[in-house]
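This report concerns only the one structure given below.
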Amino acid sequence: MHPPDGTVPEEGMALTFSDKAEAEIKALLPRYPAGEAALIPVLTLAAQEYGALTDDVIDLVSTRLGIPPTRVLATATFYTMLPKKPVGKHHVQVCTNIACSLLGAEHVVEKLERKLGIRRGETTADGLFTLSEVECLGSCGSAPVMMVNETFHENLDEDAIDRVLEECRRG
Ligand code: FES
């Protein structure tokens, strides 16, 4: 069974990839020497499809790539950018690693907590925003940095944060 993109499957539901995701996986696999090497892009696709890498989604990826579920889970839990629990429509991920910390990442997180009325790791009641603290996003030269879903926002200041949240609310 396949729920619409981004919805969280019910526990125990037998899952499949959508036709679109399956086509993307088929296009991906020949680019790698083995199924296991394609694990991160397939996990990313699975997270986009199901909203989170729940146990059932881990099993789906394991079956699709022929990899033991423990290996899939180990990879999924290592990378903080792969969501293990459902996130809001806009997943705000703020880097608090060294370069961003030195340039005010803690203030960025505190401002977002105040603006959104949630603490880090939480989702707003309307399901619009999840706020996460993450490790280096690989854009240290333009710190402080956050990602909202797939989009980078760099050199953050108070105005930029307000602008990003407003765009999310409108979109
Ligand atoms: S330390 Fe924040 S992007 Fe690298």
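The values are calculated or read from the model by the stated rules, or taken from the named source; none is laboratory data. This one's a predicted model, so the numbers in the text were calculated from it and none came from an experiment. Note that each Cβ is placed from the backbone with ideal geometry, even for glycine, and that neighbours are counted across all protein chains shown. Surface areas here come from the heavy atoms of the whole protein model, side chains and all, with no ligands, DNA or RNA. Shrake-Rupley method; radii C 1.70, N 1.55, O 1.52, S 1.80 Å.
Assorted remarks:
- Given (1) closer than 23 Å to R163 by Cβ; (2) buried (at least 16 other Cβ atoms within 10 Å of the Cβ); (3) without any contact (Cβ under 8 Å) to a residue 60 or more places away in the chain; (4) more than 16 Å from the ligand (Cβ to nearest atom), number of the condition T54 does not satisfy: (1)
- Being touching a His at 6+ places or on another chain (Cβ under 7 Å), in the same structural domain as H107 (by TED's automatic domain parsing) and open to solvent by 20 Å² or more (accessible area, probe 1.4 Å) is a description that applies to L128.
Let's see how each residue does on (1) closer than 23 Å to T151 by Cα; (2) assigned to a helix (DSSP H, G or I); (3) free of Cβ contacts under 8 Å to residues at least 60 places away in the same chain:
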| position | (1), (2), (3) |
| --- | --- |
| L29 | no, yes, yes |
| P41 | yes, yes, yes |
| D59 | no, yes, yes |
| T77 | yes, yes, yes |
| L82 | yes, no, yes |
| H91 | yes, no, yes |
| S101 | yes, yes, yes |
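- Selected residue (criterion: farthest from the ligand (Cβ to nearest atom)) from residues of the range 147-171 that are in a strand (DSSP E or B) and over 12 Å from the mean Cα position of the chain (by Cα): H153
- Selected residue (only one of L112, L15 is surrounded by 13 or more Cβ atoms within 10 Å (Cβ to Cβ), in contact with a strand residue (DSSP E or B) (Cβ under 9 Å, 6 or more places away or on another chain) and either in a loop (DSSP other than H, G, I, E, B) or at pLDDT 95 or above (or both)): L112
- The listed residue being surrounded by fewer than 18 Cβ atoms within 10 Å (Cβ to Cβ), within 19 Å of the chain's Cα centre (by Cα) and in the same structural domain as F17 (by TED's automatic domain parsing), out of T77, T70: T77
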